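Right, one structure below, let's go through it.
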Amino acid sequence: MTLAAYTPRSLPESLSGLFQLALDLRWTWHHGTDELWRALDSDIWDTTRNAWLVLNSVSGERLEELAADPDFQQRYREQIHAHQAFTEADTWYSTDCRGDLGEGVAYFCMEYGLSESLPLYSGGLGVLAGDFLKASSDLGAPVMAVGLLYQQGYFRQAISTDGEQLEFYPYNDPTMLPVSPLRDADDQWVRVIVPFPGRHVRLRAWKAQVGRCELLLLDSNDPRNEPGDRGITSELYTGDPEKRLQQEMVLGIGGWRLLEQLGRSPSLCHLNEGHCALALIERAFSWQDDHESDFQTARTATRATNLFTTHTSVASGFDHFSRSLLRLYLTPWLEGRDLNVDQLLALGSQPSSPDNQSTDLKLNMALLALNMSGRFNGVSRIHQKVTQTIFQPFFPRWPAEDIPADYVTNGIHTPSWDSPESDAIWTRACGKDRWRRPLQSTCPMTDIADEELWEMRRLERARLITYLRRRLASQHCEQNPGNNHEAACGLLLDHETLTLGFARRFTEYKRPDLLLKDEERLLKLLASRDRPIQIVLAGKAHPYDLPGKDIIRRWKAFSRRPDVEGKVVFIEDYDLGVANQLIQGVDVWLNCPRHPWEACGTSGMKVLVNGGLNLSQYDGWWAEAWNPDVGWAIRPGATFDELSGSNNHDHDLSDMEQLFDLLENEVIPGFYDVDSEGIPRKWVGRMRASMDQLTAAYSANRMVREYVEQFYLPMAEMGSRRSSETARELIGEYGEISRHWSRLRFNSFNTSEDSGSQTFTVEVYLDGIDEQRIAVELVAEDSEHGPRTITAMQMKHPLGGSPHTYLYECTVPPRPEGHYTPRLRVRDERLNLPLENPAILWLR
Ligand SMILES: *Cc1c(COP(=O)(O)O)cnc(C)c1O
């Protein structure tokens, strides 16, 4: 039995296509239909940006009126045709992409930021997942996403009169969100069941259409569930580990079951963070059922096509669950399976950890994801190194440099972040639909005159100021008349003043208070008569992050000083809507996290298309993107190695100094250095360079293509060679190898020097393992004698007199004694190594 889903309102026959338009979130970036929604109800559209809500709220009378309006009918038909053409058009994937992803990729994430009207996200991770989906739609990449439909989501922020962050959890009526109940072939509302202790939790399934892609959502608010269970999907990121585990079960287990129930069989599974690792276990179970095999075979067969992306910069950032909690919650699910709670724990806890003996062994969800995956990656070049360091303990005896973490630098969905003004300019430079094809740096801004670029910038800034005044009037004037009512309500901010933006999570490592560390110096910049600056701030602090909340309080207090009021403004409730406005209007985007804590950072990428410039810590994406022509970097050239040992706070003061120096000596003078026509030529040159060099490179368009070409396609290829027979063979062979492994040894290691080169030979005892399966390598670490090298040693011949012993040799440039060390490890084209078998033996 299913409970009947609601039926949406009825529409005049001639406008029935509006349903389809309103339920396709393409309207969040493609603004062709904006005028239709505005015609239906401009008030609701302008305040909520929710086309579905507009459609469900507009009066019947208004609908009849528009149905009879030939002008509206005309525009409506154009949009219906445009939508039709969009769904049928060829895409990059359908025409240019060689390879086969079968039924596509299942993408799992705890949060999705697609629109302020669908509040299923808290911050960067969700916005990235949303942009990923939108770009997948543009490119035609076959991605089906799975997530949770939160009734309340992340908290909404207001600031009290004394600067205190207030947290609210308004209820989101799912029938008013731009999603629809997911129906099966018999038109029944799809329900998924996940076993919980002593009960079953029923999940309702929903669908959000994101252009060509679908986001499938689950929620637990089924009236037949226990009251507590109905609340599992109420809030996002509460601190309670029990609720977190429940959510991760619903997402991972329920999510995979949903795909199964719908008859989808994705070729790959991509986890965006480890929260959803249980999906990989459920995937293996379902493979097991189809192939009548054991869990180990299923794991070996499926993991080649599981990809795990991590965005975390500290090991403590991963979810951990205690054995007792897992026992309670996972036992009903694992019943009848050949995997018990302890075996599952072993897949996600450190083998050599001293904790292992103790009873409070914990399941690390990132490690579970890793042990169920074929590849894994970080999200920027520096973050690759961070990831290697974090995961090194899970690869005993492997140096961090050899940990097989790849990286794909994040990107943003350009069409979601451009302004109407920049859209017009880019359309002239590169044509319509430019974001739907692979973007190269081949559509330069060179044909666009300085005057036009500067005019774009001025219009963008002016629109931001208008928006901010309106927004501040509701949040500021009423609650806090401040010292000067006029300044607060009317004359806040200035159209021609250099505008800096800083918006992100307020948490210590992002150092949102770096400018506040020298208030006097900041005051001088704000008060300058002929070269002033103004600052727009926004951001939430996690409800338990007291230092973060304190920084908000301090900024709020600072912004109320009589000499500051109207020049520094704090916009409440940072969300996609606020972000969109700030991104379009600011001249300079400021970001100053502690290095190397910013895994990537994406907000700065969003200003590129609009001609905004970045002043940012040399960290995450900016360490890859920065050069002196495109913007400013704090501590340029900082390397991870140099910093990994240093104290977190060591650089705070010197970074603050550099930030002020850059503002005082470069940014501010540059902005106000105008020629006789009133144009700051050098500044505009920077805008042009930044737009040209960086927009395409830091787009989700580039990111999705990298995932498809460098991960999905080769992984699918390897997966197609992992039949159940191969999986069984691999398990048999590697069981055998591990039985021999402890007896492997090096017998002798010799070197001879010869005019500018050094030849090494080593005898290796393999205890009967096929020497084809073993790689012998000579390793030299980075030193003043040269960079780190790994040289393959060649097998010369077996040693006649000693069974299972082989002689290996190689020739390398000379280094002092002791600098070269041989090691041996597994070699096998059929496996992803060393992830799937980290066995290694060093001579010393
Ligand atoms: C882009 C974005 C973020 C992420 O910004 P970071 O610079 O990566 O911290 C967070 N929240 C919102 C609303 C965003 O639009």
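The rows are residues; the columns are (1) in a loop (DSSP other than H, G, I, E, B); (2) within 16 Å of the ligand (Cβ to nearest atom); (3) free of Cβ contacts under 8 Å to residues at least 60 places away in the same chain; (4) not hydroxyl-bearing (Ser, Thr, Tyr).
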residue: Asp513; (1), (2), (3), (4): yes, yes, yes, yes
residue: Leu523; (1), (2), (3), (4): no, no, yes, yes
residue: Asp530; (1), (2), (3), (4): yes, no, no, yes
residue: Val536; (1), (2), (3), (4): no, yes, no, yes
residue: His542; (1), (2), (3), (4): yes, yes, no, yes
residue: Gly548; (1), (2), (3), (4): no, yes, yes, yes
residue: Ile552; (1), (2), (3), (4): no, yes, no, yes
residue: Phe570; (1), (2), (3), (4): no, yes, no, yes
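The set of residues in the stretch 502-511 being within 11 Å of the ligand (Cβ to nearest atom) and surrounded by 18 or more Cβ atoms within 10 Å (Cβ to Cβ) consists of Phe502, Ala503, Arg504, Phe506, Thr507, Lys510. Of all residues in the stretch 780-825, those satisfying the criterion of being in a loop (DSSP other than H, G, I, E, B), charged (D, E, K, R) and surrounded by fewer than 16 Cβ atoms within 10 Å (Cβ to Cβ) are Glu781, Asp782, Glu784, Arg788, Glu817.
Just one residue in the set Gly198, Gly147, Gly211, Gly153 is at pLDDT 95 or above, within 21 Å of Leu53 (Cβ to Cβ) and out of contact with any Lys or Arg (no Cβ under 8 Å at 6 or more places or on another chain); that residue is Gly147.
If the condition is being among the polar types (S, T, N, Q), modelled with pLDDT of 90 or more and more than 30 Å from the chain's Cα centre (by Cα), then the stretch 1-54 contributes Ser14, Ser16, Ser42. Does the stretch 501-519 contain any residue that is modelled with pLDDT of 95 or more, farther than 17 Å from Leu653 by Cα and out of contact with any Gly (no Cβ under 9 Å at 6 or more places or on another chain)? No, because not a single residue in the stretch 501-519 is modelled with pLDDT of 95 or more, farther than 17 Å from Leu653 by Cα and out of contact with any Gly (no Cβ under 9 Å at 6 or more places or on another chain). For the stretch 796-827, a residue qualifies if it is within 16 Å of Leu841 (Cβ to Cβ) and in contact with an Asp or Glu (Cβ under 9 Å, 6 or more places away or on another chain), and the qualifying residues are His804, Thr805, Tyr806, Tyr808, Thr821, Pro822, Arg823, Leu824, Arg825, Val826.
Against the criterion of being surrounded by fewer than 18 Cβ atoms within 10 Å (Cβ to Cβ) and either of a type outside the set (Asp, Glu) or out of contact with any Lys or Arg (no Cβ under 7 Å at 6 or more places or on another chain) (or both), Gly263 qualifies. The residue pairs whose first member lies in the stretch 728-756 and is part of a helix (DSSP H, G or I), whose second member is among the acidic types (Asp, Glu), and whose beta carbons are closer than 6 Å, counting only pairs six or more residues apart or on different chains, are His740/Asp767. A single entry from Thr821, Thr805, Thr791, Thr811 fulfils the requirement of being hydroxyl-bearing (Ser, Thr, Tyr), at pLDDT 95 or above and in contact with a Pro (Cβ under 8 Å, 6 or more places away or on another chain): Thr805. Taking first residues from the stretch 586-604 that are without any contact (Cβ under 8 Å) to a residue 12 or more places away in the chain and partners that are more than 7 Å from the ligand (Cβ to nearest atom) and hydroxyl-bearing (Ser, Thr, Tyr), no Cβ contact under 9 Å between residues at least 6 apart in sequence or on separate chains turns up.
The single condition among (1) closer than 26 Å to His270 by Cα; (2) over 25 Å from the mean Cα position of the chain (by Cα) that Phe749 does not meet is (1).
Residue selection: Trp426 fails the criterion of being modelled with pLDDT of 95 or more, aromatic (Phe, Trp, Tyr) and crowded, with 21+ Cβ neighbours inside 10 Å. Among residues of the stretch 554-567 being of a type outside the set (Asp, Glu), farther than 20 Å from Leu662 by Cβ and assigned to a loop (DSSP other than H, G, I, E, B), the one that is farthest from the chain's Cα centre (by Cα) is Pro562. Just one residue in the set Asp71, Asp138, Asp46 is acidic (Asp, Glu) and either in the same structural domain as Leu149 (by TED's automatic domain parsing) or within 23 Å of Arg505 (Cα to Cα) (or both); that residue is Asp138. Within the stretch 589-620, the set of residues being among the hydroxyl-bearing types (Ser, Thr, Tyr) and within 10 Å of the ligand (Cβ to nearest atom) comprises Thr602, Ser603, Ser616. Residue count for the stretch 91-150, restricted to those that are crowded, with 21+ Cβ neighbours inside 10 Å, acidic (Asp, Glu) and away from the ligand (no atom under 13 Å from the Cβ): 1. Among the residues making up the stretch 286-298, those that are part of a helix (DSSP H, G or I) and surrounded by fewer than 24 Cβ atoms within 10 Å (Cβ to Cβ) are Ser286, Trp287, Gln288, Asp289, Asp290, His291, Phe295, Gln296, Thr297. Is the stretch 635-647 home to any residue that is within 14 Å of the ligand (Cβ to nearest atom) and assigned to a helix (DSSP H, G or I)? No, the stretch 635-647 contains no residue that is within 14 Å of the ligand (Cβ to nearest atom) and assigned to a helix (DSSP H, G or I). Given the criteria of a type in the set (S, T, N, Q) and touching a residue at least 24 places away in the same chain (Cβ under 8 Å), does Thr789 qualify? Answer is no for this residue. Take the conditions under 24 Å from Arg381 (Cβ atoms), over 19 Å from the mean Cα position of the chain (by Cα), of a type in the set (Val, Ile, Thr) and surrounded by 23 or more Cβ atoms within 10 Å (Cβ to Cβ) and apply them to Val609. Does it pass? So Val609 fits the description; yes. Evaluation of Gln209 against the conditions (1) assigned to a strand (DSSP E or B); (2) of a type in the set (S, T, N, Q); (3) crowded, with 23+ Cβ neighbours inside 10 Å shows that the sole unmet condition is (3).
The values are calculated or read from the model by the stated rules, or taken from the named source; none is laboratory data. Keep in mind that what you see is a predicted model, and the values were worked out from it rather than measured. Cβ sites come from the backbone with ideal geometry, for glycine too, and all protein chains shown count toward neighbours.
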